[in-house]
Amino acid sequence: MNKYKVLDKKGEGTFSEVVQVKHVQTGKCAAIKCMKAKYGNIDEVNDLREIQALRRLSPHPNIVQLYEVLFDRPTGRLALVFEIMDLNLYELIQHRQQRLPGRHVKMYMYQLFQALDYMHKKGIFHRDIKPENILINKSSKTLKLADLGSCRGIYSKPPFTEYISTRWYRAPECLLTSGGYGPEMDVWGAGCVHFEIMTLYPIFPGNDEIDQISRIHKILGTPDHRFIQGLKTRGNSSSCDFIPRKGTGIAPLIPFATKSCLDFVTRALEYKKERRLTAEKAIFHPYFSDKKAKLTISLPQSYDSFASEKKPLHETVGYHSNSLPNIHTGQISNKSKSSSWTERRKVFESVSLTVWYYCAIICNLLYTCLYI
Ligand code: ADP
Ligand code: MG
């Protein structure tokens, strides 16, 4: 039985190809992320950061929802089934001639910071905030954070990998230290994204690492000597000898921004991570005091943090260990006999709809007969 039919290609990232599919039974659309890497066994799949994090974070209105995991043991192929979104933030601004309305930008940013605040409170940081990893539904203006493949547990011990996150959105502490970064880097990334969706161009489009930090200094200025000395103790000393520079500031680049908006971007792009806005504080910034920006979002009451990011997950709901995504034939084959509760509910919903539909037709016919 083929469970999904492939309709279209949605996107491609470093680690995957994403296709739009239709669930054959329910007719509902979904996005399937087909991983380029192969996996040896289920434990390896369960250990994946993306799966661990999504299971811990779901459901949240601003984090893309993982429906199920399809793993084909013989070939090692892995595919993740997600809710479908219209496009990513980069695609939204790519060919635009005119800026997005300020209220839309604000709505998107509010949702992005809601997602970040939730993640950080759950003890996870994203590490790859960029427009391509932020998904949008155009009509409802809903934003959902995606691609949790690079995320880390806040409480796992640094130093982390030195080169992480896409260069243009990389925070100074990621560029200058040997892995001495944390959740603050997500706020920097979100600040860069904010600037980009306001102006339709990236704020720091560095050609390489040196050019990246130099572009940051050109706008924000070089940090003081004591700060640089502090960095030196953590390593990478030779790359921290900068000619002192004042910086143009962000204000001249966004003359159209309101005072609160400028303050918000400036504080999200604070050079020193200790002084940067936190995601939690960002939500209460005056920039968002305008009620129109706030969407009705219901969050779980309690947050639990997770200390060990390697903790394996043993849930098997929606886990079809022998299902194979086969994008080349345009079909997703499914050899699994067991169906999850969600799927059963969907089938139930579609059966009830059909019953209602036929009832309505019969009533209509009876009414017409009686009338005649
Ligand atoms: P990678 O880890 O390979 O970077 P991503 O999760 O970022 O993969 O997905 C790559 C691209 O696929 C995204 O930039 C986006 O354009 C598209 N995409 C991913 N998930 C969805 C989804 N749920 N709905 C629609 N498009 C998606
Ligand atoms: Mg990506």
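Only the coordinates and a few stated rules stand behind these numbers; no lab work does. Everything numeric here is computed off the predicted structure, so don't read it as measured data. Methodologically, a virtual Cβ is constructed for each residue, glycine included, from the backbone with ideal geometry; neighbour enumeration extends over all protein chains shown.
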By the mean-Cβ-within-10 Å protection proxy, highest first, 56-63, 166-173 rank as 166-173, 56-63
With a Förster distance of 35 angstrom and the Cβ-Cβ distance between LYS157 and ALA37, calculated FRET efficiency to the nearest 0.05 equals 0.85
Given a Förster distance of 25 Å, the FRET efficiency implied by the Cβ-Cβ spacing of ASN207 and LYS9, rounded to the nearest 0.05, works out to 0.30
Two pseudo-spin positions, 7 Å from Cα along C-beta at ASP290 and at GLN97, lie apart in nanometres by 2.5 nm
Burial-style ranking of 128-134, 101-107, average other-beta-carbon count within 10 Å with highest first, yields 128-134, 101-107
For 94-100, 80-86, ranked highest to lowest by mean beta-carbon neighbours within 10 Å, the order is 80-86, 94-100
Here, ASP86 and SER178, labelled 7 Å along Cα→Cβ, have an inter-label distance in nm of 4.7 nm
Output row, site ARG275, 7 Å Cα→C-beta label point, backbone N cut-off 12 Å, window segment 202-223, residues 220-223
One finds, for HIS225 and SER140 with R0 = 41 angstrom and r their Cβ-Cβ distance, a FRET efficiency to the nearest 0.05 of 0.25
Env charge @ LEU78, Cβ radius under 13 Å, K,R +1 / D,E -1, value -2
